[in-house]
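*Asks:* I'd like to ask you about the structure that follows.
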Amino acid sequence: MNIIITGASRGIGFEIVKAFCRGGDHTIIAISRNLSYLKKLMEECKGMKTGAKVIPLEFDLNYQEYRSHLLPDILKVFNEVDILINNAGKLFNKPFEEFSDLEYNEIFDTNVKSAFRMIQMLLPHFVKNAHIVNISSMGGYQGSQKFSGLSLYSASKAAVAVLSEALAEEFKDRDIAVNCLALGAVNTEMLEEAFPGLQSDLDAESIANYIQYFAMEGNKYFNGKILPVAKTTL
């Protein structure tokens, strides 16, 4: 399969790429603005000695032109997409009154606008029965416990969830499934940066294995669903 994963340089995204490498002879485009981490990822995947191919693409999802810079590089690798996982995320933990417009833009550009741009750009290239998986958070899951300091992060992840529901309906005639996974706390660098010392029962590798399985099989059973994947409510 032809697979694209954003936010692939560390944490869950890094491990999702590795999970797909273990799972078959896939061609995986791994997108991040951190090329050195992507090169490390590519070397780890090469060491698995599977039939999978990992192509690292350095790209800043917040600021660069998608159609003129990113799309041509993708089309050099493949022109049909089976799976897109919008995993890139940004989190700031601070009181609401201290947020700046710049931080608001950074959170929403990374968590929401990047998914919008990726999906819109790739729409002509999705195959029949393609699967778009948007990674949200329990912070953006309606009715879940909310946490002080995560107002903008939670709001952005709620936007991703509702966008997924709306696009699933809009893309029905195209045979493209769109689902959203609302993750709870996972031991990653981002969690440690936002909540120093907080530990979760879940690590990045185990949750990545689930995401990889869901991306491959979940569209057979779900479309337009926001699915909580959590033992906690964070």
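*Asks:* Give the residue that is surrounded by the most Cβ atoms within 10 Å (Cβ to Cβ), with candidates limited to residues of the range 96-122 that are aliphatic (A, V, I, L, M) and farther than 24 Å from ALA182 by Cβ.
*Replies:* MET121
*Asks:* I'd like the full set of residues that are among the β-branched types (Val, Ile, Thr) and surrounded by 18 or more Cβ atoms within 10 Å (Cβ to Cβ), limited to the range 69-95.
*Replies:* Hits for the range 69-95 are ILE74, VAL81, ILE83, ILE85.
*Asks:* Then there is this: Return the residues of the range 38-70 that are over 17 Å from ASN2 (Cα atoms) and hydroxyl-bearing (Ser, Thr, Tyr); say none if nothing qualifies.
*Replies:* Within the range 38-70, TYR63, TYR66, SER68 meet the criteria.
*Asks:* For the range 78-118, how many residues meet the condition of being of a type in the set (Asp, Glu) and within 13 Å of ILE29 (Cβ to Cβ)?
*Replies:* Qualifying residue count for the region: 2.
*Asks:* Starting from the range 45-62, keep only residues that are more than 9 Å from CYS21 (Cα to Cα), then list their pairs with residues that are assigned to a loop (DSSP other than H, G, I, E, B) whose Cβ atoms are within a distance under 6 Å, requiring at least 6 positions of separation or different chains.
*Replies:* Sorted first by the residue in the range 45-62, then by its partner, the pairs are ASP60/ARG33; LEU61/ALA88.
*Asks:* Just wondering, is there one or more residues in the range 181-204 that are more than 25 Å from ASN93 (Cα to Cα) and at pLDDT 90 or above?
*Replies:* No, every residue in the range 181-204 fails to be more than 25 Å from ASN93 (Cα to Cα) and at pLDDT 90 or above.
*Asks:* Looking only at residues in the range 1-24 that are part of a helix (DSSP H, G or I) and of a type in the set (D, E, K, R), which one is surrounded by the fewest Cβ atoms within 10 Å (Cβ to Cβ)?
*Replies:* ARG22
*Asks:* Restricted to the range 125-169, and to residues that are at pLDDT 90 or above and on the phi > 0 side of the Ramachandran plot, which residue is surrounded by the most Cβ atoms within 10 Å (Cβ to Cβ)?
*Replies:* Filtering the range 125-169 for residues that are at pLDDT 90 or above and on the phi > 0 side of the Ramachandran plot, the one surrounded by the most Cβ atoms within 10 Å (Cβ to Cβ) comes out as GLY149.
*Asks:* Same structure again: State which residue is nearest to the chain's Cα centre (by Cα) when the search covers only the range 125-148 and only residues that are of a type in the set (A, V, I, L, M) and more than 19 Å from GLU169 (Cβ to Cβ).
*Replies:* ILE135
*Asks:* Of all residues being touching a Lys or Arg at 6+ places or on another chain (Cβ under 9 Å), of a type outside the set (Phe, Trp, Tyr) and in a helix (DSSP H, G or I) in the range 33-66, which is surrounded by the most Cβ atoms within 10 Å (Cβ to Cβ)? Just the residue, please.
*Replies:* Here the residue is LEU41.
*Asks:* Quick one: ASP25 ticks every box in (1) free of Cβ contacts under 8 Å to residues at least 60 places away in the same chain; (2) closer than 17 Å to LEU150 by Cα bar one, so which box is it?
*Replies:* Among (1) free of Cβ contacts under 8 Å to residues at least 60 places away in the same chain; (2) closer than 17 Å to LEU150 by Cα, the lone unmet condition for ASP25 is (2).
*Asks:* Please go through the range 89-124 and pick out each residue that is farther than 30 Å from PHE171 by Cβ and among the hydrophobic types (A, V, I, L, M, F, W, C).
*Replies:* The answer is PHE92, PHE96, PHE99, LEU102.
*Asks:* Give the number of residues within the range 69-88 that are within 26 Å of ILE107 (Cα to Cα) and in contact (Cβ under 8 Å) with a residue 12 or more places away in the chain.
*Replies:* 10
The values are calculated or read from the model by the stated rules, or taken from the named source; none is laboratory data. None of these values were measured; they are calculated from a predicted model. In this analysis, Cβ positions are derived from the backbone assuming ideal geometry, glycine residues included, and neighbour counts consider all displayed protein chains.
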